[in-house]
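The values are calculated or read from the model by the stated rules, or taken from the named source; none is laboratory data. Remember, it's a predicted structure, so these values are computed and weren't measured experimentally. Note that we place each Cβ from the backbone using ideal geometry, even for glycine, and neighbour counts take in every protein chain shown. Only protein heavy atoms, including side chains, enter the accessible area calculation; ligands, DNA and RNA are left aside. Shrake-Rupley method; radii C 1.70, N 1.55, O 1.52, S 1.80 Å.
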Amino acid sequence: MTIVVDTILPPCADSPEAFLDESLQATVTTLNAAERERLKATKAAVHRQCAGCPLLVDCLYRAVVEVDVSGYAACTTESERALIRESLGIEVVRSTLTPYGAPRVGGGPVSHEAVLTSRQAYPKDTCQQLAERLGCSTSTIKRHLRRDREQREADAVRPDPTVVANLPTIDEVLDAFDALETSQVA
Ligand code: SF4
């Protein structure tokens, strides 16, 4: 007998690169008009995919309350999820390895250690200069530096046991999400 498992992948599993696009995390105030328009379109595209995803509510709750994942998830950027946590008065520790929205680990041949070593050797170099030295893209450099910063931040944070005892409800998370401008994007 042949057992057929009908598994439908969520959009983020089907095309993860769109959800890990660094530009989605950019601060709008640092962008020019053309870049803002591009960001708006890119964000609207992934937002629509999350909005139509059957896992949205669970994904949002986990990404806000349980695991500080990298990238775009559940119609939110990393800073938007930080805003939700702030409004809920909670904090989560960034995980270095999760099955649910794994953090970036660098996609090119340049190792994490090589980037950090170059940063240390050339502290005044821009990301572009470091990228030229290592023969990779600027976004690869930024990704590794960011991963390093996040790891150091995570190491510095210790979970607060009182937070665990007072986890917000799904409704509270949804209310905080609805208060964000991003919930209206699609
Ligand atoms: S809601 Fe979550 S699981 Fe669904 S596509 Fe978005 S990030 Fe992926």
### Message
I'd like to check something: does the stretch 34-49 contain any residue that is open to solvent by less than 60 Å² (accessible area, probe 1.4 Å), part of a helix (DSSP H, G or I), near the ligand (Cβ under 8 Å from one of its atoms) and closer than 14 Å to THR182 by Cβ?
### Response
yes
### Query
For the stretch 53-66, which residues satisfy the criterion of being free of Cβ contacts under 8 Å to residues at least 40 places away in the same chain, within 12 Å of the ligand (Cβ to nearest atom) and open to solvent by 20 Å² or more (accessible area, probe 1.4 Å)?
LEU56, ASP58, ARG62
### Task
Within the stretch 72-116, track down each residue that is small (Gly, Ala, Ser), modelled with pLDDT of 50 or more, more than 16 Å from the ligand (Cβ to nearest atom) and not in a helix (DSSP H, G or I).
GLY89, SER111
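A quick yes/no check of all residues on (1) touching a Leu at 6+ places or on another chain (Cβ under 6 Å); (2) open to solvent by less than 50 Å² (accessible area, probe 1.4 Å); (3) in a helix (DSSP H, G or I):
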position	(1), (2), (3)
ASP125	no, yes, no
GLN128	no, no, yes
THR140	no, yes, yes
ARG143	no, yes, yes
GLN151	no, no, yes
